[in-house]
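Below is one structure, written out as structure tokens; comments come after it.
The values are calculated or read from the model by the stated rules, or taken from the named source; none is laboratory data. All of these numbers come straight from a predicted model, not from anything done at the bench. Cβ: placed from backbone, ideal geometry, glycine included. Neighbour counts: every protein chain shown.
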Amino acid sequence: MHQHTDALALDLARMAQQLRIDVLEMVVRAKSGHLGGPYSSAEILAALYFHHLHVDPDDPSWPERDRFLLSKGHAAPILYAVLARRGFYPVEELETFRRFPTRLEGHPDMKLPGVEMVAGPLGHGVAVGAGMAWSLSRVVPKPSAVSAPSAFASRARVVVLLGDGELDAGVVWEGAMFAAKHRLGNLTAIVDNNGIQQTGATADVMPTEPIADKWRAFGWHVWEIHGHNVREILDALDRADEVHARPSVIIARTTKGRGVSFMEYDHRWHGGLVPTEAQYEQAMAELQTSLSELGAETKA
Amino acid sequence: MTTLAPMRQAYGEALVELGRDREDVVVLSADVSNSDFSWMFAEAFPERFLNVGIAEQSLVDVAVGVASTDHVAIANTFAFLFATRALEMVRTHCCYGGVPVKLMGAYAGVSDSFDGPTHNAITDIAIMRSLPGMAIVVPADAVAVAKFLPQVVAWPGPVYMRLNRNEVPVIFDDDYAPEIGRAVVVREGRDVTLVGTGLMLSRCLDAAKTLAEEGLEARVLEVHTVKPLDVDAIVAAARETGAIVTAEEHSVIGGLGGAVAETVVGAWPVPLERVGIGDVFATTGAYDTILEHLGLTSAAIVSAARRAVDGKLR
């Protein structure tokens, strides 16, 4: 495991804040879209795309790339923002979010470079990711994949981000059992455990705790972290890579709407509300202040 | 006397042959491989056979993951489960997402007759046909299964193949060379066209013989691909024979009859009769008994043909 530098952690925190700003602008421009879920996963997305994942924006279908599946598809705006910031397409294209004609559909579509799975209806990521992880780890020639067949399994990893409300869906656990049966060490799930779903607290809608015990019982290696602490995210992802005989899940304790005071812990900001002009001004001011407090870019 | 051959045995053998030809083929099952005969592939290639358990939604999602990473994924379970329990997975990933999973719908129609209506698939064609991007292939006999399987795998998009559980009449020999999307004129005729799919193709051929004795020459058109439909062949049938009967082991709502009616009414309206299952569930019993009970017989096709021909005069 690497020791991650302060400079890296700071840069990623700064990127997460930039993504929140991008998302606010996208949703306000479109007058539609989700904010709470993107905001709880900003640090996770920044850490994945600006450090952990092996992806190539110039060759989005590079066969050896790591696959990231956004199972909580309603967090689309932050996926779009991070892909743009990572160079998969111009940042200006974010202006087309949810506005015809666009590649930035309401929920992710694979016509957009970098998107690995259609998402929106919840529950798919673990089972689809398990299928990908199984076939990537198959130690056989893959004649359709490359001209010179490799005798080795791919080293590509699969990372799935899902919500905690999403754990209500039975297919999540069907996929979890498949992954455990096949000992898919190249599969890591991250649960964005913000405690809130569309109509209220997960504890009220459909209690999912004890989440960590559930995953353990399903045969997964479990890490529990503070999901807005970039260093904890990076460490957990590294440790998950070191578990070879089991799939790993990172339970990231997060705050819905993180970063904007009036959105935090409020389920109405899941997707039902669009900021008024005054709310937009306040949210942007808060996000900009936080960003400047993180200091100047270090280019670590 | 009609010769019968088991379709699922043919399917299992075709899977094994495919597995020999293609190292990239992975077969998935929701724990019914001894029913649908994908066990034959499991025995030959255990390292690329995945039993996901009794979990049809996961079956399709895992297959989507497999098919997204340079493999051919052939998913197997009962037809009604693809069309109902796992449908959202099929719609979202295979059709909207365009991941070309091959769905093998076993025990389709009422062919699992002794297990009864819960196990029948009599609305699956209608459901699958409504999904943009989905292709639907219905082999008529055991020979056809082997002819279609490699084509299904080569088809660029998702395919739903509808398979019969039982021994079914042998119609074709090895010269049969069907192509996905192109209907087959199995018998020529000018007075009426009998459009059949799956098991009902054999009933259409029987009906055509009876009609010939009455002086009516029926064309028999095999529509093995319900989608994409061979519109040219349907319109030609309407134009050249002036009357159409459709026959399918499926509801009369939205299946082959619906597809043909939609085509004919827009392009060349002619009298059209649909032989199929009314807006009801079936019941339990021997396969032939249930087919008879539901009116899926050559006699029903003969009557429908007479009505359609009479309709030309009005």
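The one condition from (1) touching a residue at least 40 places away in the same chain (Cβ under 8 Å); (2) farther than 21 Å from A:Q3 by Cβ; (3) part of a loop (DSSP other than H, G, I, E, B) that A:A296 does not meet is (1).
Residue count for region B:72-127, restricted to those that are under 21 Å from B:F41 (Cβ atoms), in contact with a Gly (Cβ under 8 Å, 6 or more places away or on another chain) and away from chain A (no Cβ under 14 Å): 4. Please work out if B:A305 is closer than 16 Å to B:D191 by Cα and in contact with a strand residue (DSSP E or B) (Cβ under 9 Å, 6 or more places away or on another chain). So B:A305 fits the description; yes.
Residues in region A:178-199 that are among the hydrophobic types (A, V, I, L, M, F, W, C) and part of a strand (DSSP E or B): A:L187, A:A189, A:I190, A:V191, A:I196.
Candidates A:A252, A:A236: the one that is closer than 30 Å to A:D11 by Cα, surrounded by 18 or more Cβ atoms within 10 Å (Cβ to Cβ), touching a Phe, Trp or Tyr at 6+ places or on another chain (Cβ under 7 Å) and more than 14 Å from chain B (Cβ to nearest Cβ) is A:A236. Considering only residues that are modelled with pLDDT under 95 and assigned to a helix (DSSP H, G or I), which ones fall in region B:291-314? Once the filter is applied, which keeps residues that are modelled with pLDDT under 95 and assigned to a helix (DSSP H, G or I), region B:291-314 yields B:K312, B:L313. Among the residues examined, A:A240 does not qualify as in contact with a Pro (Cβ under 8 Å, 6 or more places away or on another chain), within 24 Å of A:A47 (Cβ to Cβ) and touching a residue at least 24 places away in the same chain (Cβ under 8 Å). Residues in region B:24-33: is at least one within 29 Å of B:L201 (Cα to Cα) and surrounded by fewer than 22 Cβ atoms within 10 Å (Cβ to Cβ)? Within region B:24-33, one or more residues are within 29 Å of B:L201 (Cα to Cα) and surrounded by fewer than 22 Cβ atoms within 10 Å (Cβ to Cβ).
Suppose the filter is part of a loop (DSSP other than H, G, I, E, B) and closer than 16 Å to A:L48 by Cβ; does A:A156 pass it? Yes. The requirement of being part of a loop (DSSP other than H, G, I, E, B), surrounded by fewer than 21 Cβ atoms within 10 Å (Cβ to Cβ) and either modelled with pLDDT of 95 or more or in contact with a Leu (Cβ under 8 Å, 6 or more places away or on another chain) (or both) is satisfied by B:G254. Could you check, for region B:168-191, whether at least one of its residues is crowded, with 24+ Cβ neighbours inside 10 Å, assigned to a loop (DSSP other than H, G, I, E, B), touching a residue at least 12 places away in the same chain (Cβ under 8 Å) and touching a strand residue (DSSP E or B) at 6+ places or on another chain (Cβ under 6 Å)? No.
When the test is whether a residue is in contact with a strand residue (DSSP E or B) (Cβ under 6 Å, 6 or more places away or on another chain) and either assigned to a loop (DSSP other than H, G, I, E, B) or within 12 Å of B:I234 (Cβ to Cβ) (or both), B:G276 does not pass it. Where helices (runs of 4 or more DSSP H) fall wholly inside region B:20-71, the ranges with 1 or more residues that are within 11 Å of another protein chain (Cβ to nearest Cβ) are B:56-67. The set of residues in region A:269-300 that are of a type outside the set (A, V, I, L, M), modelled with pLDDT under 95 and under 24 Å from the mean Cα position of the chain (by Cα) comprises A:W269, A:H270, A:G271, A:G272, A:E297, A:K299.
Is it the case that B:A108 is small (G, A, S), in contact with a helix residue (DSSP H, G or I) (Cβ under 9 Å, 6 or more places away or on another chain) and without any contact (Cβ under 8 Å) to a residue 60 or more places away in the chain? Taking the combined requirement at face value, the residue does not satisfy it.
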